[in-house]
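**Student:** Pasting in a structure now, in structure tokens, and then I'll have a few things to ask.
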Amino acid sequence: MYYDPAYAGNYAHEVIHHEYDHLFTYTYYKSYAPYDPDWLAYNAPGFTNGKGGVSCYEAVNTCLTGQHPIKGFSTGYGASAIEEDKAEIFGYLMTSSYYHQLKGWIIDDPNLAKKVANYKRFIASHSATMSGNYFNDINP
């Protein structure tokens, strides 16, 4: 893959971190989509993920679009699969303008707030540097 960080500004930064999350997940779990019942429990009752990220690029798809289209998700793309949900949240945590949007959404979205808190704890458990106020500090 080729990424030009100058292209599309914050979007490109978020995409790079999104893809880095997939690499990290695979390296840690030896799977791009490890089963995570705790994460699934943060979704609204009755919610079912879509058919995965690749399905969002098909000519006919049922993927949600846009930012925070429903409670519990930072993006419609994230609702397509658990691995995309986590990667989108990581990308938002690492991109200043998106991070501030995320912080605003979690005020009134307890499902998304639980996911963000879960992922921050997971990240901190693997990197002491990324604990505490790390995300606030890198996203002034």
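No lab work stands behind these numbers, since they all come straight from the coordinates. Everything quoted here is computed from the prediction, not taken from an experiment. As a convention, Cβ positions derive from the backbone with ideal geometry for all residues, glycine included, and neighbour counts pool all protein chains shown.
**Student:** When the chain is fully extended, how far beyond the present Cα-Cα distance does Asp38 get from Leu64, taking 0.36 nm per residue of separation?
**Tutor:** 7.1 nm
**Student:** Same structure, new question: Using a Förster radius of 22 Å, what is the FRET efficiency between Thr129 and Tyr11 based on their Cβ-Cβ separation? Nearest 0.05, please.
**Tutor:** With R0 = 22 Å, the Cβ-Cβ based efficiency is 0.25.
**Student:** If we count every other residue with Cβ under 10 angstrom of His22's Cβ, Lys/Arg +1 and Asp/Glu -1, where does the sum land?
**Tutor:** Here the count lands on -3.
**Student:** Given Cα pairs under 8 Å that are at least 6 residues apart, what percent is the relative contact order of region 53-140?
**Tutor:** Relative CO of region 53-140 lands at 22 percent.
**Student:** State which stretch of the chain is the longest one without any exposed trypsin sites (Lys or Arg not before Pro), exposure meaning a DSSP loop state and at most 16 other Cβ atoms within 10 Å.
**Tutor:** 72-140
**Student:** Summing Lys, Arg as +1 and Asp, Glu as -1, what charge do residues with Cβ under 14 Å from the Cβ of Phe73 carry, Phe73 excluded?
**Tutor:** Result for the local shell: -2.
**Student:** Just give me a number: lysine pairs in region 16-140, eight or more positions apart or cross-chain, with C-alpha atoms less than 13 Å apart.
**Tutor:** Close lysine pairs found across region 16-140: 8.
**Student:** Within the set of other residues whose C-beta is less than 12 Å from the C-beta of Gly52, count the net charge using Lys and Arg as +1 and Asp and Glu as -1.
**Tutor:** Summing Lys and Arg as +1 and Asp and Glu as -1 gives -3.
**Student:** With 19 Å as the cut-off, how large is the P(r) tail for the chain, expressed as percent of Cα-Cα pairs?
**Tutor:** Distances greater than 19 Å cover 50 percent of the Cα pairs.
**Student:** Report the label-to-label distance for Ser55 and Lys71 in nanometres (one decimal), using points 7 Å from each Cα along the Cα→Cβ vector.
**Tutor:** 2.3 nm
**Student:** Using square roots of five times the C-alpha gyration tensor eigenvalues, list the equivalent-ellipsoid semi-axes of region 70-140 in whole Å, biggest first.
**Tutor:** 19, 14, 11
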